[in-house]
Amino acid sequence: MAVSPNGKEIAFIARGEVFVTSVEESFTKRITNTPENERFVSWGPEGKSVIYSSERNGKWGVYKSEKVDKDEPFFFVATLLKESPLLVNEQDNYLATYSPDGKKLAFVEDRRSIKVKDIASGTETTLLTPDDLFHMRDGDKYFTWSPDSKWLLIEWGILLNKSEVLLMAADGSKKIYLNESGYYDRRPQWVGKGSQMIWFSNRNGLRSY
């Protein structure tokens, strides 16, 4: 699930379809009605679109749904919706997430590359390649944008027996290892308006060697 930027709507996946529900009222709108599988839901800039991945014609692609009537304030009571492709090509693309300023789109390409696309120019920057990542199942990558849209925190499964937290510049210019603990460090988050970072770690758990 994903909470809208205004905090009043929640987009979620149920049985391979996308829905949006109200936080305060008992209204829910079905966004998709397809035979294909939809997953990995998120929100577009300012909550004006719902972003999701769908496995169509044998490939994962990223799509967006928008309200046709711009005067309707919420998706959960929208009368008409329009779907359009956002990132559909010869590659498998999923887990797309807009930067907070709406100018960039981070996504996974062909399951083993993490890329950032500049919306205005269409140029793509590769942050991690198949040499850096392995694939176990669809959706096994994780990253999150900094509030200033300049950085990504990435859960990096470098090996099967541990995972690291990477801080990477969105333009690919910097890569900073935040822990190198030798244990599982997972699901990093930004806190304090981007001034701090936290993550889960099992380094102090009961382990036997």
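The values are calculated or read from the model by the stated rules, or taken from the named source; none is laboratory data. Source: prediction; values computed, not measured. FYI the Cβ positions are ideal-geometry reconstructions off the backbone, even for glycines, and counts take in every protein chain you see. Surface accessibility is based on the protein's heavy atoms, side chains included, excluding ligands, DNA and RNA. Shrake-Rupley method; radii C 1.70, N 1.55, O 1.52, S 1.80 Å.
Numerical summary
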quantity: Largest to smallest accessible area among Y52, Y177, Y184, Y63 [probe 1.4 Å]; calculated: Y177, Y184, Y63, Y52
quantity: Modelled FRET efficiency - R0 22 Å, N6 with K82, Cβ distances, 0.05 increments; calculated: 0.60
quantity: List M1, M168, ordered by accessible area with a 1.4 Å probe, largest first; calculated: M1, M168
quantity: Accessible carbon and sulfur surface of segment 55-98 relative to its total accessible area, %, 1.4 Å; calculated: 48 percent
quantity: Net length gained if the chain between S173 and N202 were fully extended (0.36 nm per residue, minus Cα distance); calculated: 7.4 nm
quantity: For a label point 7 Å along the Cα-to-beta-carbon line of D140, residues of segment 106-121 with backbone N under 20 Å; calculated: 107-115
quantity: Square roots of 5 times each gyration tensor eigenvalue, C-alpha, the chain, largest first, Å; calculated: 30, 19, 18
quantity: Accessible surface, the chain, averaged per residue in Å² (probe 1.4 Å); calculated: 56 Å²
quantity: Rotationally averaged projected area of segment 132-205 (alpha carbon convex hull; nm²); calculated: 5.4 nm²
quantity: K59 accessible area, assembled protein chains, probe 1.4 Å, Å²; calculated: 80 Å²
quantity: Links that overshoot a 20 Å alpha carbon limit, given the list K64/K175; K64/K117; K8/K115; calculated: K64/K175; K8/K115
quantity: Largest to smallest accessible area among R15, R30 [probe 1.4 Å]; calculated: R15, R30
